[in-house]
Structure formats: C-alpha cells, structure tokens
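This report refers to the structure that appears directly beneath it.
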Amino acid sequence: MNYDLLVIGGGPGGCRAAEYAAANGLKTALFEKEELGGVCLNHGCIPTKTLLYAARLHDRMKYDAPMFGVSADNLRLDPHVLWRRKEGTIRRLRAALQQRLQKAGVEVIKGEAEFIGKSKSGFAVNVAGKQYLGKNLIRATGGKPRIPQIQGLQDALRSGWAVTPREILATPEIPVKLLILGGGTVGIEFAIFYRSAGADVTIVEQASGIGGKLDPRLSDFLLKSLQKRGIRFALNSRIADICGKRITLNDGTHFETDRLLLACGWEALSGPAAIDAALKHPDETFTIGDAAGRYFLAPVAEREAEAAVNQILGKSDTVDYSWIPHVIFSDPEIAATGLTLAEAQKIDSSAFEKQFPLCFSGRYAVEYPAENGFGIGVYSRNGKLLGVHLAGTGAIELLGSTFFQVHIPMIPHPCLVEIVQNIG
C-alpha cells in the first residue's frame, strides 16, 4: 500500500506527527508494536502522576489537614486500589488517543515495523510479511533506560531485585526498603510516592545536588522538602558493587535494601546514529523525540513532530530548544525553563533577576501556609524575559502559562495548560 507518510512509533512524537500530517491532507500510516501512547502514557508520565496524586492526597491529609481543623482516622494508602485506578486511567486515555487518530484519518497498524530501505517507489516498511510504501518516513522509535556498568547489576536485573521504572510500575508491591539510583526527575518522583506509601527510601546521586540542571536554590529547596519527609540522600555518590541485596558505594558505605530502582538516565533506543539524523531530512527521512537522543520529553517530541511534518508539507519550520520545560511533579513542585542568572550573565553581563514569594497570591497563602514557595525571573538588560524558575505547589501550571507570554509551544506535560494550548 502507498502512503504520503509512514510513521514508525506510536509514542507522543509519533502520534502527534501522524495526527498532524493526516489533518493536513497526507495519507498517513502509523506503526506501533505495543500500545499507543508509548512509554509516556503506558509506563511513564501518566502512571507516575496517578501515583503521585495519591501520595499528595495522603500527605495533605497527614500533614496539612490538621492545620485547617480536618482530621482523618486510620489514614492509609492502599496500593492495590491505586494500581487499578492507574490501569483504568491508562486505558481511558489510550482509547481517547485511538479515537483522535481515527478521526484525523490515520491508519494505525499494530506490529513491529522493519525498515527495508528506499527505492523509486518510496520508503519500504515491512510488518508481519506485509509491505508498506511511503513518500516520507518519520522514525519515532523511542528510548530506553540507561543501564550503568556496575559489578553485579546484570545478575540483579535478571533476578528481578533490580528494576527499571517500567517493572516497578507493573506491581503494587511496596518494598520495606527501596534504594533509588538517580536523583533526577524520575528518581525524585518515585521516591515521593514510595515514601508516602510507607517505604524507607534512599536516593543515591552522583552530583552534589538533586533535580538535574536546576538553579541551586530550587535544588536546595527540593532537597530540604524531601528530607523533611524522611527521604534519605547519598550525594556525590555512586554504586561501586552489588552483591546479593547488599550495595556498596564508592566511599565504602554499605546498604541493605529490598529493591533497587534504576532511575539514572534515558537513551535513544536506536543508538547514536539516530542523533546525527535528528530532524534532518536526507531523502525525506526524519528522526524525532527520544529516538533523536536530544531531549527525552514528550513536549519536545511533539514539537519536533510538527516541525518534521511542516517540512514535509513544504513549510519552513525549526525547533526552538531554548525554552524546554524542566518540571518535577514533586510535592512541592519544581518548574523551570530558559536561562539561570549565571547562564544569562555569560551572554549579557547586565542580566538581572527578580525574586518573589508565591504567597503574593492570596490563594497560595491560604492553601499552603507552611510551604514558602518562590519564583525567580531572569531578564536581559532591556527587560526581556530569559528564564523562569519556580518552586512550590502550582509551579508547573504557572510555568505553562508563562509559555504563552514567550510564544513557545512546548507546554509542560502533563498539565492543565495543555488544554488552553488546544483551544482555538
């Protein structure tokens, strides 16, 4: 069968590319070997946010409600009920995604797509012995967890004692002790849930701070908030050896834990070659999203998808990577984009910042009296906004609204502001 566009991979980037292309008149086929929505919907953003919402409900009742005269007896978090809710939410959103693609006119083909090559007839893709031809091809084949080289780790993975986020999300089991390797977004979000669910949680992070490339003030704010919840940290540390259920760090410290969660990075599924091909179009081929190895975020994948399709349609379009949203659905939340003051002053020595407490909002002051959230705006000498950095409940939605001011379409995901983006 012949198409204008073949899209391999049904994650956020692939689905957006297929839907956008079909809506613009291109006959489009989308290939997905597992479930529509990719890691984000099925094993990442959506399931973890479901767990984090339960943790937030639990912790609000435990820590904040008494300040307002509200108490709850026998408060507990039932993981089995929560896991059923998680799976139901995923199914509902997956069905909605399927309907959107069908409405746009996308032909969704279930199966593993094998790229054969290009001939005069177009790009050839094989699925279960059937060949599909397309004038254009978009690879959105996704990514995979980065597995570090640690003595004993492969045996731990084979036994199921060491797991990646996908495996730990598959079961409602709450370990008594959980050690998480990686203090970035994924590690922090899992730490918050499992701590709220009653686990003794320790994060091992090789950097001196947590949260990735954050303004140090946001990182410190988050670290202190999580420590108050009882989450432990081993910073400037790495795992040197694993023997049974015993973990040894590079400084000789030992840990005994019931489970090890690997949250130490992500990489392109298709290897380094995909990075060089990202958003280039030799012979009308594009590589987007996680497969491109640039930024492993759904909003980036979707924006790259739109740019690729626009180029196929003959429209000039490039992706602006200067305002990528960096958000952590922690409690309290962290949200940042653009430049820090230190980064801005390397470009403009007169760059400056303005700080403000979130309690300037009466609603915030009423609802979160013990949080002390804050925001930082970074500006050029002539007052142009260069960066936004927020810490506190509601920070992610606030950041999303900022993107309309700078006219950047990479809205944080998942957030309510995405609805506004799709209006009109």
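The values are calculated or read from the model by the stated rules, or taken from the named source; none is laboratory data. None of these values were measured; they are calculated from a predicted model. Glycine also receives a Cβ, built like all others from the backbone with ideal geometry; neighbour counts cover every protein chain displayed. Note: accessible area is taken over every heavy atom of the protein model, side chains too, but ligands, DNA and RNA are not part of it. Shrake-Rupley method; radii C 1.70, N 1.55, O 1.52, S 1.80 Å.
Just to check your reading of the model, which residue among A336, A274, A301 is under 23 Å from C15 (Cβ atoms) and modelled with pLDDT of 95 or more? Show your work before the answer.
On the way: A336 fails: under 23 Å from C15 (Cβ atoms); A274 fails: modelled with pLDDT of 95 or more.
Of A336, A274, A301, the one residue that is under 23 Å from C15 (Cβ atoms) and modelled with pLDDT of 95 or more is A301.
Among the residues of region 141-156, those identified as out of contact with any Lys or Arg (no Cβ under 9 Å at 6 or more places or on another chain) and surrounded by 20 or more Cβ atoms within 10 Å (Cβ to Cβ) are T141, G142, G143.
Residues being at positive phi and β-branched (V, I, T): count how many of those fall in region 21-75. First the steps, then the outcome.
Taking region 21-75 and keeping what is at positive phi, we get 25, 37-38, 69, 74.
Then keep just the ones that are β-branched (V, I, T); that gives none.
Number satisfying all stated conditions: 0.
For region 404-421, a tally of residues being more than 29 Å from A370 (Cβ to Cβ), surrounded by fewer than 22 Cβ atoms within 10 Å (Cβ to Cβ) and touching a residue at least 12 places away in the same chain (Cβ under 8 Å) returns 8. Kindly indicate whether P332 is open to solvent by less than 40 Å² (accessible area, probe 1.4 Å) and not in a loop (DSSP other than H, G, I, E, B). Criteria not met by P332. Does region 262-270 contain at least one residue that is surrounded by 15 or more Cβ atoms within 10 Å (Cβ to Cβ), over 19 Å from P148 (Cβ atoms) and at pLDDT below 90? Yes, some residue in region 262-270 is surrounded by 15 or more Cβ atoms within 10 Å (Cβ to Cβ), over 19 Å from P148 (Cβ atoms) and at pLDDT below 90. Of all residues in region 364-377 being outside any loop (DSSP other than H, G, I, E, B) and under 19 Å from D215 (Cα atoms), which is most open to solvent (accessible area, probe 1.4 Å)? Among them, the one singled out is F374. Of the residues making up region 277-292, just one is in a loop (DSSP other than H, G, I, E, B) and at pLDDT 90 or above, namely I288. In summary, R195 fulfils each of the numbered conditions (1) among the charged types (D, E, K, R); (2) touching a strand residue (DSSP E or B) at 6+ places or on another chain (Cβ under 6 Å); (3) more than 28 Å from G88 (Cα to Cα) with the single exception of condition (3). Answer yes or no: is there a residue in region 76-98 that is among the aromatic types (F, W, Y), surrounded by 14 or more Cβ atoms within 10 Å (Cβ to Cβ), under 27 Å from L262 (Cα atoms) and out of contact with any helix residue (DSSP H, G or I) (no Cβ under 6 Å at 6 or more places or on another chain). Yes, that holds for at least one residue. Among the residues of region 177-204, those identified as of a type outside the set (A, V, I, L, M, F, W, C), on the phi < 0 side of the Ramachandran plot, outside any strand (DSSP E or B) and open to solvent by 30 Å² or more (accessible area, probe 1.4 Å) are T185, R195. Among the residues of region 111-126, those that are surrounded by 13 or more Cβ atoms within 10 Å (Cβ to Cβ) and either in a loop (DSSP other than H, G, I, E, B) or at pLDDT 95 or above (or both) comprise G111, A113.
The set of residues in region 153-181 that are within 18 Å of the chain's Cα centre (by Cα) and charged (D, E, K, R) comprises R166, E167. Beta carbons closer than 7 Å, at least 6 apart along the sequence or on distinct chains, pair a first residue in region 335-355 that is within 14 Å of G383 (Cα to Cα) with a second that is surrounded by 10 or more Cβ atoms within 10 Å (Cβ to Cβ) and polar (S, T, N, Q) for D348/S380; A351/Q345; A351/S380. For K130, are the conditions met, namely being under 20 Å from L36 (Cβ atoms) and surrounded by fewer than 12 Cβ atoms within 10 Å (Cβ to Cβ)? The answer is yes for K130.
Residues in region 293-329 that are closer than 25 Å to P145 by Cα, outside any helix (DSSP H, G or I) and among the basic types (K, R): 1 in all. Based on what the data block shows, is S361 among the small types (G, A, S), under 29 Å from the mean Cα position of the chain (by Cα) and surrounded by 15 or more Cβ atoms within 10 Å (Cβ to Cβ)? Here the answer is yes, as S361 does meet what is asked. Selection over region 205-218 of residues that are under 19 Å from L52 (Cβ atoms) and either in a helix (DSSP H, G or I) or of a type in the set (A, V, I, L, M, F, W, C) (or both) gives a count of 3. Check region 396-414 and report whether any residue there is at pLDDT 90 or above and more than 17 Å from the chain's Cα centre (by Cα). The answer is yes; a qualifying residue exists. A single member of L77, L82, L26 is touching a residue at least 24 places away in the same chain (Cβ under 8 Å), over 30 Å from Y295 (Cα atoms) and part of a loop (DSSP other than H, G, I, E, B), and it is L77.
Of the residues L97, L137, L157, L133, the single one that is farther than 30 Å from I312 by Cβ and not in a loop (DSSP other than H, G, I, E, B) is L157.
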